[in-house]
Amino acid sequence: MPEITRVQELVYELKIGEVMTRNVITVTPRTSMAELREALREHRISGAPVMQNGELVGIISVEDLIKALAAGEMGATVGEKMTPNPVTLRADEPVGIAVDYFARYGYGRFPVVDNKGKLAGIITRGDIIQGLLKKLEVEYHEEEIRHYRVSHIFEDIVSDRTSLILRYDVMARDFDHAGEASSKIKRALSRLGASPQIVRRAAIAAYEAEMNIIIHTNEGGELVAEIQPWQISIRAVDTGPGIPDTEQAMQPGFSTAPEWIRELGFGAGMGLTNIQKCADEMRLESPGGKWTSLEVVIYLDRRRGEK
Amino acid sequence: MTLEELCCQLSLEVRTAARKLRMEVTGGYAADLLSCVMAKAQAGNVWVTLQGHPNIVAVASLLNLAGIIITEGMAPDPATLEKAEEQGIPILTTPLTTFTVVGKLSALGIKGVDQ
């Protein structure tokens, strides 16, 4: 699947203020072009904002300097050669805006102002590249560590039967947090290195089981995912009211959900059917209508699972 | 076709996760029953629905959908927008009906999961 790259995303997450150069070398309109040349050379920069009485009045670049040099006008002042009223960017805008500005205006740098319009820094294409690389490096490192820690758990911790058990309390009628437990199970499986197909099946089964607890139970229940190297099992256990006829409950479209829940798009009577499609094994028990236990098993390793 | 292009073509209003609009759309699915969406919609699909409560975000996130189009001028709950922004799920709104939106998506070459 063609996906948006992390860099494209970062361009919108990173703020200009995070990548810009903060210690800006500035000049005034009365600085001579000869002095400007020295300033650019000394600080190894290619341009500078022009400030007068604390206000940004223009911008001058090495291109302006070269033109002045060619015209023999090194005695001129920055005020005469600068670009007045320069286009500025704001420190709290995403870096993506700066990328667009560089493409649109063709300038080599933009002064950056804070929300009061005061000069806060300066940004070049180099600053953007450096900022993105730095952020990517940090993230890569963090994810690498996280992934390593998690994916090696079954190799690093040795027992005859190691399993990782994730328990989630699910409250009845709590539609605001619906789907959170299954989202967390999904993330855990991805980090453990499960294939996207397995993650999808487990996520659907966990979601439907979680929704059943939210929609149908008296006092909520527990969603438990047990991850073993060869299989994932998901159990949903509650304390009632139970299912009088489990066979009937398994029929596609059979639902006991009240009208208001159906209006939200839940309770279509497809939950257990969906779970069954995702499961390699499925057991639904509700003895005497007191409690319900649903167990779903998804095999990771066909051979072990079929034993 | 990306979500961004769909937004332009259908004049959709972008309500959340503007940074995720360059995602390529792999197909489309329309339904208001969440279990149907869970069963059928595929990763990268755009989902067209009338529902605006927060659970649509959980569904879209669990399935890695490209985004959600909410039709008929239905206003998504503030909690929905908050969650969608947090989880990076684009929510797009339109006054058009689901039928019209799906027709337009089809005309643009967005295919259903059974095609």
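Values quoted throughout were computed directly from the atomic coordinates according to the rules given, and no laboratory measurement underlies them. It should be emphasised that the depicted structure is a prediction, and the values quoted were computed from it without experimental measurement. Ideal geometry is used to build each Cβ from the backbone, glycine not excepted, and the neighbour counts take in all protein chains shown.
Binning the C-alpha pair distances of segment A:155-207 at 10 Å intervals from 0 yields a P(r) profile of 21, 44, 27, 7, 0 %, listed from the shortest bin outward. Beta-bridge orientation, segment A:178-307: approximately 100 percent antiparallel, per DSSP, counting only bridges with both partners inside. Using a simple spin-label model with pseudo-atoms 7 Å out from Cα toward Cβ, residue A:18 and residue B:13 lie 2.9 nm apart. Summed over qualifying helices (DSSP H, 4 residues or more, each -39500 (n - 2.57)) and divided by its residue number, the protein assembly as shown shows a 222 nm mean residue ellipticity of -12000 deg cm²/dmol.
Counting every other Cβ atom within 10 Å of each residue's Cβ, A:177, A:141 order from fewest to most as A:141, A:177. Taking Cα atoms, how many degrees apart are the long axis of helix A:95-105 and the longest axis of chain A, rounded to 10 and kept between 0 and 90? Around 40 degrees separate the two axes. Counting other Cβ atoms within 10 Å as a rough exposure proxy, the listed residues B:7, A:278 run B:7, A:278 from fewest neighbours to most. Determine which residues of segment A:260-274 fall in the zone a paramagnetic label at residue B:99 would reach in this model, i.e. backbone nitrogen under 16 Å from the point 7 Å along Cα→Cβ. Label zone hits: none.
If you wrap segment A:26-101's Cα atoms in a convex hull and average its projection over all directions, what's the area in nm²?
That works out to 5.6 nm², a quarter of the Cα hull's surface.
How big is the C-alpha Rg of segment A:173-246 next to the rule-of-thumb value 2.2 N^0.38 Å, as a ratio? Display every interim value, and only then the final one.
On the way: Rg = 13.0 Å, N = 74, 2.2 N^0.38 = 11.3 Å.
Computed over Cα atoms of segment A:173-246, the ratio equals 1.15.
Placing a label point 7 Å from the Cα of residue A:74 along the Cα-to-Cβ direction, the residues of segment A:26-63 whose backbone N falls under 15 Å from that point are A:32-42.
As a rough footprinting exposure proxy, the listed residues A:171, A:211, A:20, A:270 were ranked by other beta carbons within 10 Å of their own, and the order from fewest upward is A:171, A:270, A:20, A:211. The Cα atoms of segment B:47-102 cover 28, 21, 13 Å along the three principal axes, with the biggest extent listed first.
Over 18 Å between Cα atoms, which of A:277/B:40; A:134/A:186; A:135/A:184 qualify? Working shown, then result.
Working: A:277/B:40 11 Å; A:134/A:186 29 Å; A:135/A:184 25 Å.
Violating the 18 Å Cα-Cα cut-off are A:134/A:186; A:135/A:184.
For chain B, what is the convex hull volume of the alpha-carbon atoms per residue, in Å³? Write down the numbers at each step before the final one.
Details: hull volume 9.3 nm³, N = 115.
Value for chain B: 81 Å³ per residue.
Once the Cα atoms are used to define both axes, helix A:33-43 deviates from the longest principal axis of chain A by about 40 degrees. In a fully extended conformation the segment linking residue A:66 and residue A:104 would gain 11.3 nm over its present Cα-Cα distance, using 0.36 nm per residue. Here the alpha carbons of segment A:68-180 define both size measures, Rg and Dmax, at 26.6, 85 Å. Taking the DSSP beta bridges with both ends in the protein assembly as shown, the antiparallel portion is around 75 percent.
For residue A:276 and residue A:92, a Förster radius of 45 Å and the Cβ-Cβ distance give a FRET efficiency of 0.35, rounded to the nearest 0.05.
The slack in the chain from residue A:118 to residue A:226, taken as 0.36 nm per residue of separation less the alpha-carbon distance, amounts to 33.3 nm. FRET efficiency for the pair residue B:24 and residue A:30, taken as 1/(1 + (r/R0)^6) with r the Cβ-Cβ distance and R0 = 60 Å, rounds to 0.65. Average projection, convex hull of the Cα set of segment A:126-177: 7.0 square nanometres. Eigen-decomposition of the gyration tensor built on the alpha-carbon atoms of the protein assembly as shown gives equivalent ellipsoid semi-axes of 56, 25, 17 angstrom, largest listed first. Take the Cα radius of gyration of segment B:1-61 and divide it by 2.2 N^0.38 Å, N being the number of residues; the result is 1.10.
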